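Before any comments, here is the structure.
The values are calculated or read from the model by the stated rules, or taken from the named source; none is laboratory data. For clarity, every value in this text was computed on a predicted model and none was experimentally measured. Every residue, glycine as well, gets a Cβ built from its backbone with ideal geometry; the counts of neighbours run over all protein chains shown. The protein model used for the area step is the full one, side chains on, heavy atoms only, and it has no ligands, DNA or RNA in it. Shrake-Rupley method; radii C 1.70, N 1.55, O 1.52, S 1.80 Å.
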Amino acid sequence: MTDVRARLAAMQEGDLPVHGGRTLAYVYDSGLAEVDALGRDAVAAYAGSNGLDPTAFPSLLAMENDLVATACDLLDAPEGAVGTVTSGGTESCLLAVQAARDAHPEVTDPAIVVPDTVHAAFHKAAHYFGLRTVVVPVGGDFRADAAAMAAALDATTVLVVVSAPSYAHGVVDPVTEVAAAAAARGVRCHVDACIGGWVLPYAARLGRRVPPWTFAVEGVTSISVDLHKYGYAPKGTSLLLHRTAALRRPQYFAWADWPGYTMLNSTMQSTKSGGPLAGAWAVTREIGDEGYLRLAEAALTATDAVVRGVPSSLSVVAPPESTLVALETDGSCDVFTVADEMAARGWYVQPQMSYAGRPPTLHLSLSAATDADGFLAALSDAVAAAVAAGPVTVDPEVVAFIEALDPTALTDDDFDGLLAASGLVGASDDGGLALPDRMAGVNALLDVASPRMREALLVAFLDRLSRPADRL
Ligand SMILES: *Cc1c(COP(=O)(O)O)cnc(C)c1O
């Protein structure tokens, strides 16, 4: 037993730290060690409980209803609003799309209308559930173009999506205008507040200017908000709220026509651990409304400090409306090298590739535990090192070669060659696959590839990473 525990701890050493506020994507740190410990205890206590049947585990239903009530209060939900705890933001988004589709069986070619900044989860939903996406470019301010989105609605539209805020740029879409246009046509309007939903209401209470985006906006029919982001809960929980029970109904799946138990599911999972739900319940009860207000204040203050202190050579892409910041360079260095230099200094910042004629950026999700001064000191050093190194370049011949490739026509052998040539896959000392220490060269190469080519290369990469460990 102890040996296995030691091995777990040793393996985890190689991962990004989840505490300390230095990992500015993937994890969210309240900085409250006792709250984290409580959350872990709750996960452990409920790890074996099964959310499949709320009558068998009534405490799970009670905790879910408590969490939904808390979120309804936070998000201005009217009487009659309902919600479901899901496994994460993606599942909340998938279910919003699935419910919208199944509410309209008469629409044979259903579509969702989304801004081009919408989270990739909606493209995944359309892919899984067989809907078309009508993608509308955002305006120069990176916000959804309300007029263009309204014009894109037609008889096949079953759902319109807006973000509060968008992941890539951290700005809130014009929810009021888009929701009004949707309501006028009887179309559902989902607000994806997966990342900002637990911060923006507190930002407004702290006196910051936050455009309306909750259920207070007429025409908003559903909202997704993740507890495992700024709810600071252990991983594995999000909420999907609907304005009415009738809107939620098509989300439910029941199957009685087989010889086993009657299956009755509110989410995509059937058997589901009670652990994450109990962890989120415990953490949200412990932090409480006043606690979240203070955590939001800390994260927003850190965000302000970062925006004010961004070193020369970098600039903020759009003034942040919550705790997400996108940074771009002036050309004297490149974001990929800055990311490597930050990693060398113990900070993780997330590269975002070029899109729609805009240069690549660095994404920062600031947590309550992020030390802005420490971050800015590291960033200033990292930028100086990146400027000294000069922007990473890709040989024009390589660019031309990659541009000429058709990802759909490539064979497995082609991908093996491309992955080796890109530096993405190298042989490690023990003969396995090894990731390069510095990613700038690889990222620069991926950045010149088309999105389709990038997807194909990375899928091939993941495929080769995901192979059985050495067998006896
Ligand atoms: C994180 C995020 C999602 C997806 O959530 P997961 O929990 O990663 O599945 C969806 N939308 C937005 C805006 C997000 O930030």
Might you work out the accessible area of VAL316 for me, using a 1.4 Å probe with all protein chains in place, and round it to the nearest 10 Å²? 40 Å²
Taking the Cα-to-Cβ direction at THR262 and at ASP470 and moving 7 Å from each Cα, how far apart do the two end points lie in nm? 5.4 nm
So the FRET efficiency between ALA204 and THR411, C-beta based with R0 = 60 Å and rounded to 0.05, is 0.65
Debye calc, one equal point scatterer per Cα of segment 396-465, no solvent, log10 I(q)/I(0) at q = 0.12, 0.17 1/Å comes to -0.29, -0.59
DSSP beta bridges in segment 33-284 [antiparallel fraction, %, rounded to 5]: 45 percent
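I need the peptides 242-250, 170-178, 410-418 ranked by packing, meaning the mean over residues of other C-beta atoms within 10 angstrom, with the highest value on top.
Working: 242-250: 17.0, 170-178: 23.8, 410-418: 13.7.
My ranking of the peptides, most packed first, is 170-178, 242-250, 410-418.
Leaving out ligands and nucleic acids, note down the accessible area per residue over the chain with a 1.4 angstrom probe, in whole Å².
Accessible area per residue, the chain: 46 Å².
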Reciprocal of mean inverse Cα separation for segment 33-284 (Kirkwood radius, Å): 18.4 Å
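Are there any helices in the chain, counted as whole DSSP H runs, that stretch 30 Å or more along their axis by Cα and score at least -1.0 on average by Kyte-Doolittle, and if so which?
Span-like helices, by this rule, are 275-309.
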What are the principal axis extents of the Cα atoms in segment 205-274, in Å, biggest first? 58, 31, 11
Average projected area of the Cα convex hull of the chain, in nm²? 25.4 nm²
Could you tell me what percent of the accessible area of the chain is made up of carbon and sulfur, with a 1.4 Å probe and every protein chain present? 57 percent
Relative packing of peptides 42-50, 160-168 - highest average C-beta neighbours within 10 Å first: 160-168, 42-50
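When the solvent-accessible surface of protein heavy atoms is calculated with a 1.4 angstrom probe, in what order do THR262, THR86 fall, highest first? If you can, show how the numbers build up before the last one.
Numbers: THR262 90, THR86 5 Å².
These residues rank, largest area first, as THR262, THR86.
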DSSP beta bridges in segment 158-262, what fraction antiparallel, as a percent rounded to 5? 40 percent
How compact is segment 287-430 by the rule of thumb for globular proteins, expressed as Cα Rg over 2.2 N^0.38 Å? 1.30
Which order do the peptides 216-223, 306-313 come out in when sorted by mean C-beta neighbours inside 10 angstrom, highest first? 216-223, 306-313
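On a full-extension model of 0.36 nm per residue, what is the gain between HIS19 and THR393, subtracting their alpha-carbon distance, rounded to one decimal in nm?
Details: separation 374, 0.36 × 374 = 134.64 nm, distance 3.44 nm.
Fully extending the segment from HIS19 to THR393 adds 131.2 nm.
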With a ≥ b ≥ c the root eigenvalues of the C-alpha gyration tensor of segment 275-356, is it rounded (a/c under 1.5), prolate (a/b larger than b/c) or oblate? prolate
